[in-house]
Amino acid sequence: MNRRNALRKTVLMAGSAMAAPSLFSLLQSCKQQNRLEWEPLFFNEEQAKFVSAFVDTILPRTDTPGGLDVKTDIFLDLIIAKTYDSKGQENMASEIDKFNTETKAGFGKFFADLNEEDKKAVLRKAESETAKFNPRVWGTAVGEQKPVGFYRSLKSMVLWGYFTSQEIGKNHLSYDPIPGEFRGCIPLSEVGNTWSL
């Protein structure tokens with residue numbers, strides 16, 4: 001091997017050694033990008049990313065599974081695709097787009113692209129500005145219910161999908177399949193956890 005070839009190989013090896021950390025950090029940043037990991041039936045990709053980010057912000061993983069762990073976002077897509085009529089689907093899509101547009105106007109990015117603190121700030125604002133569901137007695141709302149709007153309706157669907165999932169209903173809430181034993185008079189201390197049925 002002559003001196004020129006040896007020098008060329010040394011320079012190439014040194015260059016690749018310096019480039020490796022940069023390439024590694026680039027690959028790492030690709031992993032952290034907000035990617036959609038499921039194929040929606042109804043939502044377009046941007047709407048599906050919004051729903052996934054919305055679910056994850058409301059129900060993040062803690063010591064129990066989060067909303068994404070039990071596929072609440074996929075459940076919502078399925079419900080809207082299979083049970084909503086065309087007018088309901090059109091309304092849902094336009095409300096998501098409107099929410100994203102307003103978020104971008106206020107924060108410079110769509111909801112799914114915001115950092116965690118900004119996502120929480122957006123939801124706190126929506127929480128404070130929308131009507132709440134009236135209290136219920138035996139399943140019936142007390143008083144005249146004001147329209148709750150998109151945010152509260154979607155949040156309600158997310159909670160419904162999460163708490164009725166098999167994983168949460170059977171493994172994290174108390175579960176007693178029906179028909180079950182009827183015990184009409186027991187001490188409150190024996191009731192224990194909140195029941196899923």
Next on the checklist: Given the criteria in contact with a helix residue (DSSP H, G or I) (Cβ under 7 Å, 6 or more places away or on another chain), among the β-branched types (Val, Ile, Thr), in a loop (DSSP other than H, G, I, E, B) and in contact (Cβ under 8 Å) with a residue 60 or more places away in the chain, does VAL70 qualify?
Outcome noted: yes
Next on the checklist: Tell me whether the stretch 157-175 contains one or more residues that are part of a loop (DSSP other than H, G, I, E, B), modelled with pLDDT under 80, surrounded by 11 or more Cβ atoms within 10 Å (Cβ to Cβ) and out of contact with any Phe, Trp or Tyr (no Cβ under 7 Å at 6 or more places or on another chain).
Outcome noted: yes
Checklist entry - For the stretch 22-35, does any single residue satisfy the condition of being within 30 Å of GLN166 (Cα to Cα), surrounded by 10 or more Cβ atoms within 10 Å (Cβ to Cβ) and at pLDDT 55 or above? => result no
Checklist entry - Within the stretch 102-111, can one find any residue that is touching a Gly at 6+ places or on another chain (Cβ under 9 Å) and either in a helix (DSSP H, G or I) or closer than 18 Å to LEU41 by Cβ (or both)? => result no
Checklist entry - Which is touching a Pro at 6+ places or on another chain (Cβ under 8 Å) and either surrounded by 16 or more Cβ atoms within 10 Å (Cβ to Cβ) or not hydrophobic (A, V, I, L, M, F, W, C) (or both), of GLY66, GLY143? => result GLY66
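The values are calculated or read from the model by the stated rules, or taken from the named source; none is laboratory data. Predicted, not measured: the structure shown is a model, and the values here were computed from it. Heads up, the Cβs are rebuilt from the backbone with ideal geometry, glycines too, and the neighbour counts pull from every protein chain shown.
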